[in-house]
Amino acid sequence: MLGIGADKRRLPAPGRALPGRTTEMPIRNRHHVHGRALRDEFNGFARMLFGMGCFWGAERKFWSLPGVHTTAVGYAGGQTPNPTYREVCSGETGHAEMVLVVYDPASIDVDALLKVFWESHDPTQGMRQGNDVGTQYRSAIYCANQSQHAAAIASREVYLRRLHAAGLGNITTDILYPAPPFYYAEDEHQQYLSKHPDGYCGLGGTGVSCPVSWSE
């Protein structure tokens, strides 16, 4: 297990993460921006998880997109069930800070979501995003179905060529299917930048545009 002063850019070894808990995080199940539910079955909608660094700014990138039904922030990709924010920030859970995006596939397609994802952060930085350093800030896409996964892989290859052309490095984004469990973050973190418009946002892209057609 990682201890005080350990490198938080290193994931905990299997079986060495914090134990967590069986109880889900209690949240006020109402989106601060549009009032729709954060936790639901979401029948008729698709879902996808995006990690882009600090989830406060990442969530704001998605919640007002036409066709996005709702968003929420939480943790995924690690070992600890139902972790707290403090536990995730310790580096001892293995989780990344993630945004749950629930969308209507008839109104917005996955390619549009991926374009926002790639352009809104720097996916070449490994276990960090700007000045935010640690495993929880890694870039990640966790997919709910095979078509999402195929689109994510295809978009990565196209965007990688554009990054290389701009003199930037390789993409370090985790792209997984099936998606690992998503654990909701504490209520105070949900739609944080709507509740605190002047709050911290360390999100920044590379300035390299991403096409919406992966044949480019």
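The values are calculated or read from the model by the stated rules, or taken from the named source; none is laboratory data. Keep in mind the model is a prediction, meaning the values are calculated, not measured. Heads up, the Cβs are rebuilt from the backbone with ideal geometry, glycines too, and the neighbour counts pull from every protein chain shown.
Kindly provide the set of residues from region 105-115 that are surrounded by fewer than 20 Cβ atoms within 10 Å (Cβ to Cβ) and out of contact with any strand residue (DSSP E or B) (no Cβ under 6 Å at 6 or more places or on another chain), ordered by number.
Of everything in region 105-115, those that are surrounded by fewer than 20 Cβ atoms within 10 Å (Cβ to Cβ) and out of contact with any strand residue (DSSP E or B) (no Cβ under 6 Å at 6 or more places or on another chain) turn out to be Ala106, Ser107, Ile108, Asp109, Asp111, Ala112, Lys115.
Return the pairs, sorted by first residue and then second, in which the second residue is basic (Lys, Arg) and surrounded by 14 or more Cβ atoms within 10 Å (Cβ to Cβ), the first residue lies in region 185-204 and is more than 17 Å from Val88 (Cα to Cα) and touching a residue at least 60 places away in the same chain (Cβ under 8 Å), the beta carbons are less than 6 Å apart, and the residues are 6+ apart or on different chains.
Leu193/Arg60
Among the listed residues Arg86, Arg60, Arg36, identify the single one that is under 18 Å from Leu11 (Cα atoms), basic (Lys, Arg) and modelled with pLDDT of 95 or more.
When all the criteria are applied, what remains is Arg86.
What tally of residues in region 185-208 results from selecting those that are charged (D, E, K, R), within 29 Å of Gly20 (Cα to Cα) and either assigned to a loop (DSSP other than H, G, I, E, B) or in contact with a strand residue (DSSP E or B) (Cβ under 7 Å, 6 or more places away or on another chain) (or both)?
1
Report, by residue number, each residue of region 134-156 that is under 16 Å from Tyr75 (Cα atoms) and out of contact with any His (no Cβ under 9 Å at 6 or more places or on another chain).
Correct list: Gly134, Tyr137, Arg138, Ala140, Tyr142, Ala144.
With touching a Cys at 6+ places or on another chain (Cβ under 8 Å), at pLDDT 95 or above and surrounded by fewer than 18 Cβ atoms within 10 Å (Cβ to Cβ) as the only criterion, which of Glu41, Glu97, Glu119 stands out?
Of Glu41, Glu97, Glu119, the one residue that is touching a Cys at 6+ places or on another chain (Cβ under 8 Å), at pLDDT 95 or above and surrounded by fewer than 18 Cβ atoms within 10 Å (Cβ to Cβ) is Glu119.
Within region 152-167, how many residues are touching a helix residue (DSSP H, G or I) at 6+ places or on another chain (Cβ under 9 Å) and either closer than 30 Å to Glu24 by Cβ or not in a helix (DSSP H, G or I) (or both)?
Result for region 152-167: 1.
Run down Gly51, Gly67, Gly57, Gly44 and say which single residue is touching a residue at least 24 places away in the same chain (Cβ under 8 Å) and farther than 25 Å from Ser120 by Cα.
Selected residue: Gly44, the only one of Gly51, Gly67, Gly57, Gly44 that is touching a residue at least 24 places away in the same chain (Cβ under 8 Å) and farther than 25 Å from Ser120 by Cα.
Taking helices (runs of 4 or more DSSP H) that fall entirely within region 24-121, which contain at least 2 residues that are touching a Phe, Trp or Tyr at 6+ places or on another chain (Cβ under 7 Å)?
Correct list: 55-60, 110-119.
State yes or no: is Gly78 in contact with a Ser or Thr (Cβ under 8 Å, 6 or more places away or on another chain) and not basic (Lys, Arg)?
yes
Could you give me the residue pairs with C-beta distances under 9 Å whose first residue belongs to region 142-161 and is closer than 20 Å to Gly207 by Cβ, whose second residue is among the polar types (S, T, N, Q) and surrounded by 15 or more Cβ atoms within 10 Å (Cβ to Cβ) wherever it lies, and which are 6+ apart or on separate chains?
Every condition considered, the pairs that remain are Arg156/Thr173.
Within the bounds of region 15-31, is there any residue that is under 24 Å from His121 (Cβ atoms) and at pLDDT 95 or above?
For region 15-31, residues under 24 Å from His121 (Cβ atoms) and at pLDDT 95 or above: present.
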